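Presented below is the structure to which this report refers.
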Amino acid sequence: MKEDSPFTPGSPVPVELFVGRVEQIKEILKYIKQSASGRQENVFLEGERGIGKSSLAAFLRYLANKESFLAVYVSLGGVTELEELVRRIFEQILKEANAEKSLGEKFLGLFKKYVKQVDLFGISLAFSPPREELENMLRNFPEAIKSVMDKLKEEKSGIFIALDDINGLSTNPDFANWYKSFVDNVAIRYPSNFPAFIMSMR
């Protein structure tokens, strides 16, 4: 029950303290490993605020890293536009790749004209393409993610993307249509060559 939950909204449990949900974790990890063979996998988690979805995502991200995935966590609280969803996904991919020296330059080259270095509490990256380019990435999301994975393939098994707090997007009917289109396009165009795992939480 929620009253007994050790989880606090906005404060994910550190990986080393994460316990419980063994069967759920095993099931999702099976899909993560399956996606490494080239089959794109999707998981949706839904539950009340404070039951530990973000903590579970953090733990799964840790496990995906151990499986040699580029593991990305994207916070989407308050986001209602698909263009902002896409912008945040690619910004987090750039940040994660930049944290690994061997990947950083490859990804900065891929999106160089839209990347800014922001000196705020240390050096960070901001991904700021113009609106029309975001709309293009939205329309061609499978191809955009595939270009990222092609850069990864020599060093990573695939890509793990956790989309946290999609509440604002899930009320937008365009989100469901866009996501279905993405999954359908991947299944048709890249049936066995799209090693991506996407977990969405609401």
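The values are calculated or read from the model by the stated rules, or taken from the named source; none is laboratory data. Since the model is a prediction, treat every value here as computed from it, not as a measurement. Because the Cβ atoms are built from the backbone with ideal geometry, glycine has one as well, and the counts that use them run over all protein chains shown.
Listed by first and then second residue, the pairs with beta-carbon distance under 9 Å, at least 6 apart or on different chains, first residue in the range 33-55 and in a strand (DSSP E or B), second of a type in the set (S, T, N, Q), are 41/34; 41/35; 42/200; 43/200; 44/200; 45/24; 45/200.
When residue 64 is tested against (1) under 23 Å from residue 169 (Cβ atoms); (2) without any contact (Cβ under 8 Å) to a residue 24 or more places away in the chain, only condition (2) is not met. Could you list, in sequence order, the residues of the range 141-166 that are among the polar types (S, T, N, Q) and farther than 18 Å from residue 94 by Cβ? 157, the sole residue that qualifies.
Here the helices (runs of 4 or more DSSP H) wholly within the range 118-196 that include at least 3 residues being of a type in the set (D, E, K, R) are 131-139, 141-152, 173-189. Evaluating residue 131 against the criteria (1) among the charged types (D, E, K, R); (2) in contact with a Leu (Cβ under 9 Å, 6 or more places away or on another chain); (3) surrounded by fewer than 19 Cβ atoms within 10 Å (Cβ to Cβ) leaves one unmet condition, (2).
Would you check which residues across the range 84-105 are out of contact with any strand residue (DSSP E or B) (no Cβ under 6 Å at 6 or more places or on another chain) and either of a type in the set (Asp, Glu) or surrounded by fewer than 16 Cβ atoms within 10 Å (Cβ to Cβ) (or both) and list them? If the condition is that a residue be out of contact with any strand residue (DSSP E or B) (no Cβ under 6 Å at 6 or more places or on another chain) and either of a type in the set (Asp, Glu) or surrounded by fewer than 16 Cβ atoms within 10 Å (Cβ to Cβ) (or both), then 84, 99, 100, 101, 102, 105 are the ones that fit. In the range 58-77, the qualifying residues are those that are crowded, with 16+ Cβ neighbours inside 10 Å and outside any helix (DSSP H, G or I), and the one that is farthest from the chain's Cα centre (by Cα) is 67. Of all the criteria given as (1) more than 16 Å from the chain's Cα centre (by Cα); (2) not in a helix (DSSP H, G or I), the one not satisfied by residue 109 is (2).
Which residue out of 8, 80 is surrounded by fewer than 20 Cβ atoms within 10 Å (Cβ to Cβ) and at pLDDT below 80? It is 8. When the range 136-185 is filtered for residues that are in contact with a strand residue (DSSP E or B) (Cβ under 8 Å, 6 or more places away or on another chain) and more than 20 Å from residue 28 (Cα to Cα), the ones remaining, listed by number, are 145, 148, 149, 152.
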